[in-house]
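The values are calculated or read from the model by the stated rules, or taken from the named source; none is laboratory data. This one's a predicted model, so the numbers in the text were calculated from it and none came from an experiment. With ideal geometry, Cβ positions are generated from the backbone for all residues, glycine too; neighbour counts draw on all protein chains shown.
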Amino acid sequence: MKGKFFLDTNILVYAFDSPGSQKRKISDKLIKDAHLGKGCISFQVIQEFLNVATRKFISPLKTDDAQKYLAKILFPVCEVFPSEELYFIALEISERWKYSFYDSLIIAAALESNCSLLYSEDLQNNQKIYGLTIVNPYN
């Protein structure tokens, strides 16, 4: 598929899956492509990832490792930060498509960054919202 893409938090989490796993390979490729200018994330993805990585991983990331990952991997591809407009759009998406507010915020961020694809394992695969298509990259 062509077009700029947005990565949901679960894609970043699977980059820490067991070595050799298919989900890890796919996630690593998507993250690499994001760093080539093909994709992005939002402030929310950073927050969610750091929470999971430092608290819920089998071997949680230590603070210095989390800070290095933030500086090297996450922040360079972060394009969307909180704004009044972002919250308005998220509320509209939540009402119209019945997603939770936090899922709607991810969708709104993908739209704000002019992405045509949103890679997520957690949202409805192949659903179109405005000009955005949700794709489960692990299918």
### Message
If I filter region 116-126 for residues that are of a type in the set (Phe, Trp, Tyr) and farther than 23 Å from Val77 by Cα, do I get at least one hit?
### Response
no
### Message
Restricting to region 109-139, name every residue that is aromatic (Phe, Trp, Tyr), touching a Phe, Trp or Tyr at 6+ places or on another chain (Cβ under 9 Å) and not in a strand (DSSP E or B).
### Response
Tyr138
### Task
Kindly list the number of the only condition in (1) touching a residue at least 24 places away in the same chain (Cβ under 8 Å); (2) on the phi < 0 side of the Ramachandran plot that fails for Glu92.
(1)
## Note on the structure
If you go through Ala109, Ala90, Ala66, the only one that is surrounded by 14 or more Cβ atoms within 10 Å (Cβ to Cβ) and more than 20 Å from Ile31 (Cβ to Cβ) is Ala90
### Query
Pairs, please: C-beta under 9 Å, at least 6 apart or cross-chain, first residue closer than 15 Å to Val77 by Cα and aromatic (Phe, Trp, Tyr) and in region 16-45, second at pLDDT below 95 and surrounded by 16 or more Cβ atoms within 10 Å (Cβ to Cβ)?
none
### Message
I need the full set of residues from region 1-57 which are under 18 Å from Pro137 (Cα atoms), polar (S, T, N, Q) and part of a helix (DSSP H, G or I), in order please.
### Response
Thr9, Asn10, Gln22, Ser27
